[in-house]
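A.B. asks: Below is one structure. I have some questions about it.
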Amino acid sequence: MTQLSVNLNKVALLRNTRDIDLPSVVDAAKTCIAAGANGITVHPRPDQRHIRTHDVYDLVEVVSDVVEYNIEGNPFFTEFMQLVKDVVPTQCTLVPDTEGQRTSDHGWDMSTDSERLVPIIDELKALGIRVALFMDETTDDFESAARSGADRIELYTERYATAHEKGDWQDAFDRYADAARRAQKVGLGVNAGHDLNLNNILQFCTIPNILECSIGHALTAEALYMGLEKTVQEYLKRMQA
């Protein structure tokens, strides 16, 4: 069964427009967990435009021993590794963001990034943290990702979501299904995330053995109309169908 990890970045983004803790990232996490979410995801960035350093620490008590905690980010940013070492989340998803990047929009190129990622992965796994690498579905680097010591990949799913919105998604879906098979063949678990929503998630989760979908932007937007608890439950229903 595919697990749902709720990304709280956009809750934090809304809160940061005012100098009060509203909406509360912690309360949002509690609501998602009570609704049945399997995990909580945060992606702190250097400019702290959404998730801030204190959020990463504040969420530990909420998620600890209850659901999985997934921290995403670029391990080569100054504060990221210290945060992860302090918190020791269930999973760390490494993403090749550049500073100031609007959103994650590409995966690692293992032909150039593998050598510097390996010691990072070794360090994280020594702490007992599961490691996932953000990857494009078109890459031929899954064997290299497996050799690096990563446990999983997270497929960057924007291209599938865009195709699905246009109503011409079969070719994109087939590429992602093939990518998942290729990754699984070399021993990698497969997660997915980026622009997945209630309209496209059911079809995507027919790909065998997708372990986790991390969903934030769409889920937060849909919750404006449906309510957070109901939205989480609707995702779970469709993902488990």
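A.B. asks: Being buried (at least 17 other Cβ atoms within 10 Å of the Cβ) and touching a residue at least 40 places away in the same chain (Cβ under 8 Å) is the filter here, so list the residues in region 218-230 that pass it.
C.D. replies: Scanning region 218-230 gives Leu219, Thr220, Leu228.
A.B. asks: Quick one: is Thr112 out of contact with any Leu (no Cβ under 8 Å at 6 or more places or on another chain), polar (S, T, N, Q) and assigned to a loop (DSSP other than H, G, I, E, B)? Break it down into steps so the answer makes sense when it comes.
C.D. replies: On the way: out of contact with any Leu (no Cβ under 8 Å at 6 or more places or on another chain): yes; polar (S, T, N, Q): yes; assigned to a loop (DSSP other than H, G, I, E, B): no.
So Thr112 fails the test.
A.B. asks: Within region 76-94, take every residue that is surrounded by fewer than 22 Cβ atoms within 10 Å (Cβ to Cβ) and under 28 Å from Arg159 (Cα atoms) and give me the one that is modelled with the lowest pLDDT.
C.D. replies: For region 76-94, the residue satisfying everything is Phe77.
A.B. asks: Another question, if that's okay. Within region 1-43, which residues are closer than 18 Å to Gly193 by Cα and modelled with pLDDT under 95?
C.D. replies: Met1
A.B. asks: Hey, another quick one. Would it be correct to say that Thr206 is part of a helix (DSSP H, G or I) and more than 19 Å from Gln91 (Cβ to Cβ)?
C.D. replies: No; evaluated as a whole, the condition is false for this residue.
A.B. asks: What's the number of the condition Asp86 fails, among (1) assigned to a loop (DSSP other than H, G, I, E, B); (2) over 29 Å from Phe204 (Cα atoms); (3) touching a residue at least 12 places away in the same chain (Cβ under 8 Å)?
C.D. replies: The failed condition is (1).
A.B. asks: Now for a separate question. Quick check on my filter: what residues within region 153-175 are crowded, with 22+ Cβ neighbours inside 10 Å and either without any contact (Cβ under 8 Å) to a residue 60 or more places away in the chain or assigned to a helix (DSSP H, G or I) (or both)?
C.D. replies: Ile153, Leu155, Tyr156, Thr157, Tyr160, His164
The values are calculated or read from the model by the stated rules, or taken from the named source; none is laboratory data. Everything numeric in this text was worked out from a predicted model, so none of it was measured. Glycine also receives a Cβ, built like all others from the backbone with ideal geometry; neighbour counts cover every protein chain displayed.
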